[in-house]
Amino acid sequence: MRWSPLKLLLAATVLVCGSVSAEPALHNIYGRQHLLLDGRWNYIVDPYETGYYNYRRQPYDQSEGGSGGFYDDRKPKDKGDIVEYSFEGSPTLAIPGDWNSQDAKLENYEGTVWMRQQFNAAPKEGKRYFLYFGAVNYEAHVYLNGKKIGSHKGGFTPFQFDVTGKLKPGQNTVIVKADNTRHQDDIPTVSTDWWNYGGITRDVLLAEVPETHIADYQIQLAKGDMRRIEGFVQIDGPQRAQDVTVTIPEAGIKTTVHAGADGRAAISIPLTAKQLHYWSPEDPKLYGVTLSSATDTVNDRIGFRTIVTHGRDILLNGKSIFLRGVSVHDENPLIPGRLRGEGDMRMLLQWAKEMNCNYVRLAHYTHSEEMIRLADEMGLLVWAEVPVYWTISWQKPEVFDNAKQQMTDMIVRDRNRASVVIWSIGNETPVSEVRTNFMGRMADTVRSLDTTRLVGAALEVHRTGDEITVADPLADKLDLVSFNEYAGWYWANNSDMLKFHFNITANKPVIITEFGADALGGYHGDADSRWSEEYQDQLYRNQFKMLDAIPGLRGMTPWVLVDFRSPRRPHPYFQDFWNRKGLLTQSGKKKQAFYTLKAYYDQKQKQYK
Ligand code: GCB
């Protein structure tokens, strides 16, 4: 069919007006009644976006009742009919899972892929249904039974659509158009040091909740106050004014609060001295917590701890702590691709624990909710971050809105996780006025959403002669002096790096967010030979000397736990498209520096006993 210009214009208008952005996701999605839509999804690779645009590059009608694109999932009506695509018979991807690592032809693919799943539903009266995506990289357009239900941008945070009234009893079809093309005005932007894994990389769920339900809540210790639980509960639906009872049976807590017409109630629960067993890496105690109202009940497992800074100290539950950390990417070195489930996640966190870590930096984007819940359970403190990385289009309001949305979605998702102690607003953002304004507003966003945690950013260092400083006005907005520094690798080397010294005068704790060196596992040389395990090992030893001289040093997360794939790393022998700064190789073998860092952490642990 050829479309008249008027019809095309109308369709385009409806498309713009009719496209619904995703809504903030329900808190604690795994605690809700749900159907998991993971599994094998049929997919069609669509580099020219034939399923979305007609031959004139006009989008097909995406309005209610609109049709034309692959979302129709059309079958030929009769033998004379022509349909040039078919999900039936198309290959399948395991979801959650990126496409780059599942189809050799797609290893470097950046563009559109359509994915289809079919499922049975039995929608009930008086219930609301949300189609929830843990993460889709990067831009997602979602269709249910041939109708567009909305779109979302951002590859690492969850989103959902209200599909109440749109589900059919019996078989339903969900189709996702995902596009991982990089753009300058996105978050992250075109240049990163990680693989741009595209697709539905985390769980897809159909959640069922009562019409009036508990949508969100925070139940945490008040900032620095070990004797008070503080937070809120938010009810959504037609009967918002309700009582909500919070019970923590093991701690003998039962409190009822009243939500007004806006569905919101503040929570404040005084505690006696020994009422709670506080969460810590040594003893990651989680309590069963239940929120119940006349219409809904939600269960969670929550740990209680305080985190504050005091001068140059970091106090966990009032006690000085050294953050013995390591940086981690959401990537499985053994089976290429993003982490696909608890087994993968446990493997990475267990390696960190073996190194005697009490802390991980989940860099440089938001990792999955399961990973954070595992950190809660295994006793690892967490630095959580959004992909505001390197050079963003700082001056554009819509880019700020995107960054703010990703930050908000991360906080809303993880605000009840004891492990998360630091929200990071970004990584290595070069100093300029417009950037500092942008990042300052990001810090304000975090503080407006959560007062109980610290705010950080991985800053850059500045060198004058032999002196290394952090000359960044953003530091005033942060709770920590936190920075990446590559002494001995990108500048200086093992034989001259020790002539440099840090001069950091701020009365705040100092956390090194990255340092490191590439080493090809099994490649040996002396401590001056780049790429050798000995070079990396010596660099760590030198770093400890330099860093221990900083009076406020309270932690570090060397770069990085395990080798990871990166298109920026083409050296044919040493890299082969892997960043080799891992303390473990791509096959999980420990490099020498693994043991050196462990020994350093053993000693730090004794020091902070
Ligand atoms: C950095 C980046 C990180 C890179 C690392 C490197 O500063 O934050 O994403 O992977 O350096 O290896 O160069």
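Given region 519-609, what count of lysine pairs have C-alpha atoms under 22 Å apart, with each pair 8 or more places apart or on different chains?
For region 519-609, qualifying lysine pairs total 16.
Which one, W559, G465, N180, projects farthest toward the positive side of the charge dipole computed for the chain from Cβ point charges (K/R +1, D/E -1)?
W559
Report the antiparallel proportion of the DSSP beta bridges in region 316-426 as a percent, rounded to a multiple of 5.
Numbers: 1 of 13 bridges.
Bridges in region 316-426 are about 10 percent antiparallel.
Please report the Cα spread of region 346-391 along all three principal axes, rounded to whole Å, starting with the longest.
Here the spans come out as 35, 20, 16 Å, largest first.
Quick query: amide H of K591 versus all other amide H atoms, modeled in the peptide plane; which residues come in under 5 Å with a sequence gap of 5 or more or a different chain?
Answer set, sorted by chain and number: L584, T585.
Please give, to one decimal in nm, the separation of the simple spin-label points placed at D548 and H310, each 7 Å out from Cα toward the Cβ.
2.6
Listing I321, I550, I95 from the residue with the fewest other Cβ atoms within 10 Å to the one with the most, what is the order? All intermediate terms of the calculation are to be shown ahead of the outcome.
Numbers: I321 21, I550 17, I95 26.
Lowest to highest Cβ neighbour count: I550, I321, I95.
³J(HN,Hα) across region 293-307 via Karplus (A = 6.51, B = -1.76, C = 1.60, θ = phi - 60°), whole Hz, x for Gly/Pro?
10, 5, 10, 8, 9, 10, 10, 8, 10, 10, x, 10, 7, 10, 9
Local charge sum around R453 (other residues, Cβ-Cβ under 11 Å, Lys/Arg +1, Asp/Glu -1)? Don't skip to the answer; put the middle values down first.
Working: positive: K223, R305, R415, R417, R447; negative: D414, D450, D479.
Every neighbour counted, the sum reads +2.
How much net charge surrounds D313 when only other residues with a Cβ under 12 Å from its Cβ are counted (Lys, Arg +1; Asp, Glu -1)? Please list the in-between numbers first.
Details: positive: R312, K319, K508, R554; negative: D479.
Taking every Cβ under 12 Å from that of D313, the sum is +3.
What is the magnitude of the charge dipole of region 340-479 about its Cα centre, with +1 placed on the Cβ of each Lys and Arg, -1 on the Cβ of each Asp and Glu, and no other charges, expressed in debye to the nearest 20? List each step's numbers first, then the result.
Working: 16 positive and 22 negative charges, 49 e Å.
Dipole about the Cα centre, nearest 20: 240 debye.
Please name which of L106, H277, L498 has its Cα lying farthest along the dipole of the chain towards the positive end, using unit charges on Cβ (Lys, Arg +1; Asp, Glu -1) and the Cα centre as origin.
The listed residue farthest towards the positive side: H277.
If the only charges are +1 at each Lys and Arg Cβ and -1 at each Asp and Glu Cβ, what is the size of the charge dipole of the chain around the Cα centre, to the nearest 20 debye? Before the final figure, lay out each step's value.
Details: 71 positive and 75 negative charges, 155 e Å.
The calculation lands at about 740 debye.
Just to check I understand the Karplus step: with θ = phi - 60° and J = 6.51 cos²θ - 1.76 cosθ + 1.60, what whole-Hz values come out for region 321-337, glycine and proline as x?
Residue by residue, region 321-337 yields 9, 10, 7, 8, x, 8, 7, 9, 9, 7, 7, 9, x, 7, 10, x, x Hz.
Which value, in debye to the nearest 20, describes the size of the charge dipole of region 216-274 about its Cα centre when Lys and Arg Cβ atoms bear +1, Asp and Glu Cβ atoms bear -1, and nothing else is charged? Working shown, then result.
Numbers: 7 positive and 7 negative charges, 53 e Å.
That gives a dipole near 260 debye.
For the chain, what does -39500 (n - 2.57) per DSSP helix run (n ≥ 4), summed and divided by total residues, give at 222 nm, in deg cm²/dmol to the nearest 500? Intermediate results must be reported in sequence, preceding the final value.
Values: 7 runs with 104 residues, N = 609.
The helix contribution divided over the chain gives -5500 deg cm²/dmol.
Multiply the residue gap between S191 and A266 by 0.36 nm, knock off their C-alpha separation, and tell me the result in nm, one decimal place. Don't skip to the end; give the middle numbers.
Details: separation 75, 0.36 × 75 = 27.00 nm, distance 4.26 nm.
The S191-A266 span can extend by a further 22.7 nm.
How charged is the neighbourhood of A273? Take every other residue with its Cβ under 13 Å from the Cβ of A273, and add Lys/Arg as +1 and Asp/Glu as -1. The partial results should precede the final answer.
Details: positive: R227, R228, K274; negative: D225.
Residues close to A273 contribute a combined charge of +2.
Return the distance in nm (one decimal) between the two label points of a simple spin-label model at S529 and Y48, each offset 7 Å from Cα along Cα→Cβ.
Reported label-point gap for S529 and Y48 is 5.3 nm.
Farthest toward the dipole's positive end in region 410-456, which of V420, P430, A443, given Cβ charges of +1 (Lys, Arg) and -1 (Asp, Glu) about the Cα centre?
V420
We did not get these values from a lab; they are worked out from the coordinates using the rules stated. This is a predicted model, so every value here is computed, not measured. FYI the Cβ positions are ideal-geometry reconstructions off the backbone, even for glycines, and counts take in every protein chain you see.
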